[in-house]
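J.: Quick one: structure below, then a few questions.
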Amino acid sequence: MFTKILIANRGEIACRVIATARKMGIKTVAVYSEADKDARHVELADEAVLLGPASSRESYLVADKIIAACKQTGAEALHPGYGFLSENEDFARRCEEEGIAFIGPKHYSIAAMGDKIASKKLANEARVSTIPGHNEPILSPEEAVEIAKRIGYPVMIKASAGGGGKGLRVAFNDKECFEGFSSCRNEARNSFGDDRVFMEKFVEQPRHIEIQVLGDGHGNVVYLHERECSIQRRHQKVIEEAPSPFISEATRKAMGEQAVALAKAVKYQSAGTVEFVVGKDQDFYFLEMNTRLQVEHPVTECITGLDLVEQMIRVAAGEKLSFTQADIKRDGWAIECRINAEDPFRNFLPSTGRLVRYQPPETSMVQGEPERFGVRVDTGVYEGGEIPMFYDSMIAKLIVHGKDRTEAIAKMREALNGFVIRGVSSNIPFQAALLAHPDFAIGNFNTGFIAQHYAGGFRAEDVPHHDPLFLVALAGFIRRKAREREAGISGQLPGHEVQIEHEYVAVVNLGGGRTERHTLHISEFAGALGEALVQVGGKAYRIVSRSRLNDVRIAGTVNGQAFTAQAERGTAKNPLAYRIQHGGLSVELTVLSPRAAELQALMPYKAPPDTSKLLLSPMPGLLVNLAAQVGQTVQAGERLAVIEAMKMENILSASQDVTVAEVLAKPGESLSVDQPILRFA
């Protein structure tokens, strides 16, 4: 077995590999860019080596620097994680030539299956059912349009070396095909250094189901059941689960056996994933094989009890698999939510900056350990750390394991309630809304689920809550608790002591100067026990919570049922307001005495400044292109600017016909949220 390994990656996957290596008694070496000098994976590793500047092209993608780091530290093996160089055939070969064990498949397997064009040809030769398409690299957007017409719209344009939703577009007509091809190729070149693009028929209303395989160097290959990955946004997975709620045992077995046959055909060693698109009649077609560890591997670990990173290390060290296909169990149900730094209410634009607060829910499962039926968090960040603009937007992966799907969904919803993130926006409200959707609950979905149900974007009113008045009652409970503490402060002027009221008015801010008022009556308050009876809107809520007033995460029971919520006092515009979050819903409200509520109603509303004649940056990022000049008239739909953030190009287009009066930012400039780029006449 190895004594020291280097992890050629960053973030949560680097921390994940370190956890298993530590369990196995193996020392670890981290590599990092200048932007990651204070990152969590650097702190966790036994040693760390600086690679270079923040750009991945000058750090994590430079093979020479990583090989040199292995030699410098004496690392015998290298784990590539996922992304970056994990599926780079030349890098895997280079490691083998330098005497460094690559904790992943052999270079020839990557060559055969890591390249989407080559893998599809091989699958065809092996008589594996594949989707109709064009398997040769497409050289121009004009050629792409002609090929698309032959295949028939809609088509999927995919980068050969793509992954994680990058270098992928779906086109429904000639215009989308022409533009999508160019964007796809640019993203592929920037992210993977390989701009080859191919095309295939886009199967409408498909399921995306993948099979986890594991092979050793002795000819043994097994499959570890499937993962359901159909909940996607812009081809990026959002929620993954294992097993799938859709396929039958017969389909599961057939898919698994086909995946194993494909892996054996290329003498596959290590962990890999064979991805299928599955039709409504459970017909399945090979899409591609990912020759690496997948982001969603924890759900497979939960239901099988296997540590996939440990298995990868053991295989790379020459060991045989210690189990056969018959030994692999399927226990319970696991779900993973990707917690990303993005604002779901602003079209999921990236959100970078400092994590002012970061408090994951309490965990009962640990990476690489066989605990069952609990909560696990895989993360590469910490409170006070930065979410940089140079890499992907992932903050953490939240994983739960339940006895069945219903229990797993309930556990995930409660875990999301207790996940505290401040300083950057996160997609937690969106995740909560997805889990509460009735179609998700019964397993009625496909890869178009998000596009179908949130076609106009995600809005606050899209967050369902079974009892919104509970949030009002909780704010009243907290306010009553605060008044109790204030009344106990010594040194109060006689005759002017803080009075503890039983009647309050909750003023809910609906935005745009609109409010909603609720009368609260709070009785039977037992401060020492953290208990009160709150009546609002004809309902009674007996709330019990021993959480402190300065705790963001509030835990307790309401009418005998356990709950976890989040509460904070004071907002940027109103230091007296409370912000209460529960079930993905967030409300801002002020709890006042009846007289104070009367006076507050007389206060004028100050409207925000008019920004209709400004093009504002919707996210922090790099302004890579400015398509408009002073005096130019731009028609609705035409491109104005391109901003790059977290390895994705974001195109800003004119919403109406405008004339540019002033240019306020220059290409190459790093922009902040809402920074003006152009002013219109």
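Every read-out reported here was derived from the displayed coordinates using simple, explicitly stated rules and does not represent laboratory data. Treat the numbers as computed from the prediction; the structure is a model and nothing was measured. Backbone-built Cβ (ideal geometry, glycine too); neighbour counts: all protein chains shown.
J.: Just the number, please: Stokes-Einstein D of the chain in µm²/s, Kirkwood Rh from C-alpha pairs, 25 °C, 0.890 mPa s. Can you show the working numbers first?
T.: Details: Rh = 27.2 Å.
Value of D from the Cα-based Kirkwood radius: 90 µm²/s.
J.: With label points built 7 Å along Cα→Cβ from the Cα atoms of LYS37 and ALA482, find their separation and express it in nm.
T.: Distance between label points: 4.1 nm.
J.: Let me ask something additional. In terms of modelled amide H atoms, which long-range or inter-chain residues lie less than 5 Å from the amide H of ILE387?
T.: GLY353, ARG354, LEU355
J.: Shifting gears a bit: Mind computing the radius of gyration and Dmax over the alpha-carbon atoms of the range 296-384? Å is fine for both.
T.: 17.0, 50
J.: With axes computed from alpha carbons, what is the tilt in degrees of helix 174-192 against the longest principal axis of the chain, rounded to the nearest 10 within 0 to 90?
T.: 80 degrees
J.: Just flag the GluC sites (Glu not before Pro) in the range 327-434 sitting in loop per DSSP whose Cβ has no more than 12 other Cβ atoms within 10 Å.
T.: Answer by residue number: there is no such site.
J.: OK, next. If I model a spin label as a point 7 Å beyond the Cα along the Cα-Cβ vector, how far apart are those points for THR633 and SER586 in nm?
T.: Each label point is offset 7 Å from its Cα along the Cβ direction, giving 4.2 nm.
J.: Can you give me the Kirkwood hydrodynamic radius for the range 207-462, using every pair of distinct Cα atoms, in Å to one decimal?
T.: It works out to 18.9 Å.
J.: Still on this structure, I have one more. What number comes out for the charge environment of GLY305, summing +1 per Lys or Arg and -1 per Asp or Glu over other residues with Cβ under 9 Å away?
T.: On the way: positive: LYS329, ARG372; negative: GLU301, ASP307, ASP331.
Result for the local shell: -1.
J.: Then there's this: Once phi is turned into θ = phi - 60°, what whole-Hz ³J(HN,Hα) does the Karplus curve with 6.51, -1.76 and 1.60 give for every residue of the range 495-507, x standing for Gly and Pro?
T.: Residue by residue, the range 495-507 yields x, 10, 5, 4, 9, 9, 8, 10, 10, 9, 10, 9, 9 Hz.
J.: I want to verify the translational diffusion coefficient of the range 254-343 in µm²/s; compute it with Stokes-Einstein, Rh as the Kirkwood radius over Cα pairs, at 10 °C and 1.306 mPa s.
T.: So the translational diffusion coefficient is about 105 µm²/s.
J.: Same structure, new question: Rounded to the nearest 500, what is the 222 nm mean residue ellipticity of the chain from helices alone, with -39500 (n - 2.57) per DSSP H run of 4+ residues and division by all residues?
T.: Value at 222 nm, helices only: -7500 deg cm²/dmol.
J.: Return LEU355, LEU510 ranked ascending by Cβ neighbour count within 10 Å, so the fewest neighbours appear first.
T.: Listing LEU355, LEU510 from fewest to most nearby Cβ atoms yields LEU510, LEU355.
J.: Quick one: give the max-minus-min coordinate of the C-alpha atoms of the range 132-201 along each principal axis, largest first, in Å.
T.: Per principal axis, max minus min of the Cα coordinates gives 29, 21, 20 Å.
J.: Among GLU257, GLU301, what is the fewest-to-most ranking by other Cβ atoms within 10 Å?
T.: Starting with the residue having the fewest Cβ neighbours, the order is GLU257, GLU301.
J.: For the range 7-158, I need the span (max minus min coordinate) of the C-alpha atoms along each principal axis, in Å, sorted largest to smallest.
T.: Largest first, the range 7-158 extends 55, 32, 26 Å along its Cα principal axes.
J.: Angle between the Cα long axis of helix 63-73 and the longest principal axis of the chain, 0 to 90 degrees, nearest 10?
T.: The angle comes out at about 80 degrees.
J.: So in the chain, what percent of DSSP beta bridges are antiparallel if you round to the nearest 5?
T.: Antiparallel: roughly 90 percent of the beta bridges in the chain.
J.: Same structure, new question: Please compute, for the alpha-carbon atoms of the range 374-472, the extent along each of the three principal axes and give them in descending order in Å.
T.: 37, 36, 35
J.: What does the extension gain come out to for ARG93 and GLU501, with contour length at 0.36 nm per residue minus their alpha carbon separation? Intermediate values should be presented prior to the final figure.
T.: Details: separation 408, 0.36 × 408 = 146.88 nm, distance 7.40 nm.
The ARG93-GLU501 span can extend by a further 139.5 nm.
J.: What are the ³J(HN,Hα) values, in whole Hz, obtained from phi via the Karplus relation 6.51 cos²θ - 1.76 cosθ + 1.60 with θ = phi - 60°, for each residue of the range 602-608 in sequence order, with x given for Gly and Pro?
T.: For the range 602-608, the Karplus-derived couplings read 8, 6, x, 8, 9, 6, x Hz, x marking Gly and Pro.
J.: Moving to a separate point now. Run the numbers for PHE178 and LYS121: contour at 0.36 nm per residue of separation, minus the present Cα-Cα distance, in nm.
T.: Between PHE178 and LYS121, full extension yields 18.0 nm more.
J.: Another question, then. Could you pull out every one of the lysines with an alpha carbon less than 20 Å from that of LYS613, ignoring same-chain neighbours closer than 8 positions?
T.: LYS613 reaches LYS666.
J.: Then there is this: Between GLU383 and LYS267, what length in nm is gained on full extension when 0.36 nm per residue of separation is reduced by their alpha carbon distance?
T.: On the way: separation 116, 0.36 × 116 = 41.76 nm, distance 4.37 nm.
Extending this stretch completely gives an extra 37.4 nm.
J.: For the range 448-544, which semi-axes, largest first and in whole Å, follow from the square roots of 5 times the eigenvalues of its Cα gyration tensor?
T.: 36, 16, 12
J.: Which lysines have a Cα less than 26 Å from the Cα of LYS65, not counting those fewer than 8 places away in the same chain?
T.: LYS4, LYS27, LYS37, LYS106, LYS166, LYS647
J.: Please sort by residue number the trypsin sites (Lys or Arg not before Pro) in the range 404-493 whose DSSP state is loop and whose Cβ has at most 14 other Cβ atoms within 10 Å.
T.: Those satisfying the criteria are ARG459.
J.: With the crude spin-label approximation of a point 7 Å out along Cα→Cβ, what separation in nm comes out for ASP439 versus GLU598?
T.: 5.1 nm
J.: Which one of ALA665, LEU585, GLN600 is farthest out on the positive end of the charge dipole of the range 560-671, using unit charges on Cβ (Lys, Arg +1; Asp, Glu -1) and the Cα centre as origin?
T.: GLN600
J.: Another question, then. How about the range 109-149: which trypsin sites (Lys or Arg not before Pro) there are in a DSSP loop, with at most 15 other Cβ atoms within 10 Å of their Cβ?
T.: The qualifying sites are ARG127.
J.: While we're looking at this one, here's another question. Relative to the compact globular guide of 2.2 N^0.38 Å, what is the alpha carbon radius of gyration of the range 143-247, as a ratio?
T.: 1.26
J.: Moving to a separate point now. Over all directions, how big on average is the projection of the convex hull of the alpha-carbon atoms in the range 207-255, in square nanometres?
T.: 4.1 nm²
J.: Taking all pairs of distinct Cα atoms, average 1/r, flip it, and tell me the Kirkwood hydrodynamic radius of the range 614-680 in Å to one decimal place.
T.: 11.6 Å is the Kirkwood radius here.
J.: Now a separate question. What relative contact order, as a whole-number percentage, does the chain give when Cα pairs under 8 Å and 6 or more residues apart are counted?
T.: RCO, the chain: 9 percent.
J.: From a point 7 Å beyond the Cα of GLU649 in the direction of its Cβ, which residues of the range 123-154 have a backbone N at a distance under 13 Å?
T.: Within reach of a label on GLU649, which here means backbone N under 13 Å from a point 7 Å along Cα→Cβ, the range 123-154 contributes 141.
J.: Using each residue's phi in the range 564-576, evaluate 6.51 cos²θ - 1.76 cosθ + 1.60 at θ = phi - 60° and report the 3J(HN,Hα) Karplus result to the nearest Hz, with x for Gly and Pro.
T.: After applying 6.51 cos²θ - 1.76 cosθ + 1.60, I find 10, 9, 10, 9, 9, 9, x, 10, 4, 9, 9, x, 8 Hz.
J.: Give me the mean projected area, in nm² to one decimal, of the convex hull enclosing the Cα positions of the range 486-529.
T.: Values: hull surface 20.8 nm².
Over every viewing direction, the Cα hull of the range 486-529 projects on average to 5.2 nm².
J.: Separate question: For the pair THR519 and ILE489, what calculated FRET efficiency results from E = 1/(1 + (r/R0)^6), where r is the Cβ-Cβ distance and R0 = 30 Å, to the nearest 0.05?
T.: Result of the calculation: an efficiency of 0.65.
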